[in-house]
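Notes for the one structure printed next.
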């Protein structure tokens with residue numbers, strides 16, 4: 001009678017299955033961990049970096065925190081708002097953006113349109129184009145983003161909600177710094193109507 005040191009065939013197959021299951025579980029865990037780090041860490045950081053470039057902190061906040069640019073698109077745009085009703089057409093908004101290409105960095109290009117209660121920006125950055133849309137409202141003198149959407153492929157890199165929240169915060173901070181407020185906002189076909197004081 002020969003004794004064999006090999007385990008029986010079913011026991012060996014069970015060990016292989018367990019090893020494969022452990023490997024798959026470890027791979028799923030690592031993938032889930034990377035996804036969490038990306039979703040809650042990297043994506044918000046990238047969104048904040050883009051917001052910092054597009055809409056720097058207002059002068060008073062920038063000096064207090066020791067950062068941010070003191071010039072830029074946002075302070076200029078707020079300073080240009082006359083009190084009362086302002087009708088901003090797509091053409092006028094796009095001419096304003098085209099005249100200040102350096103202020104849009106890191107965006108290579110941006111084109112605005114107003115349609116069906118939404119402001120839509122077609123943006124290009126790093127050779128990739130996407131559309132972003134927001135719906136806006138005025139609440140106690142502040143501009144509020146009620147919904148935000150960013151289409152792929154930039155949606156994979158940036159968070160639309162985080163970016164819209166940050167840009168609205170910067171806009172409202174700049175309004176406050178300049179002693180301005182937005183009393184009403186309405187978006188119609190081809191135009192944005194602001195009532196400011």
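Of the residues 134, 185, 157, 128, only one is surrounded by 14 or more Cβ atoms within 10 Å (Cβ to Cβ) and free of Cβ contacts under 8 Å to residues at least 40 places away in the same chain; which?
134
Among the candidates 160, 119, 132, 168, single out the residue that is in contact with a strand residue (DSSP E or B) (Cβ under 7 Å, 6 or more places away or on another chain), modelled with pLDDT under 90 and within 20 Å of residue 91 (Cβ to Cβ). Lay out the reasoning, then the answer.
Values: 160 fails: within 20 Å of residue 91 (Cβ to Cβ); 119 fails: modelled with pLDDT under 90; 168 fails: within 20 Å of residue 91 (Cβ to Cβ).
Among 160, 119, 132, 168, only 132 is in contact with a strand residue (DSSP E or B) (Cβ under 7 Å, 6 or more places away or on another chain), modelled with pLDDT under 90 and within 20 Å of residue 91 (Cβ to Cβ).
Go through the residues of the range 98-117 one by one and say whether even a single one is part of a strand (DSSP E or B), crowded, with 16+ Cβ neighbours inside 10 Å and touching a residue at least 24 places away in the same chain (Cβ under 8 Å).
Yes, there is a match, as at least one residue in the range 98-117 is part of a strand (DSSP E or B), crowded, with 16+ Cβ neighbours inside 10 Å and touching a residue at least 24 places away in the same chain (Cβ under 8 Å).
Among the residues of the range 76-86, is any more than 17 Å from residue 171 (Cα to Cα), out of contact with any helix residue (DSSP H, G or I) (no Cβ under 6 Å at 6 or more places or on another chain) and modelled with pLDDT of 75 or more?
Taking every residue of the range 76-86 in turn, at least one turns out to be more than 17 Å from residue 171 (Cα to Cα), out of contact with any helix residue (DSSP H, G or I) (no Cβ under 6 Å at 6 or more places or on another chain) and modelled with pLDDT of 75 or more.
Which numbered condition trips up residue 91, out of (1) closer than 16 Å to residue 193 by Cβ; (2) surrounded by 14 or more Cβ atoms within 10 Å (Cβ to Cβ)?
So the condition that residue 91 fails would be (2).
The values are calculated or read from the model by the stated rules, or taken from the named source; none is laboratory data. Model, not experiment: these values are computed from the prediction. Cβ sites come from the backbone with ideal geometry, for glycine too, and all protein chains shown count toward neighbours.
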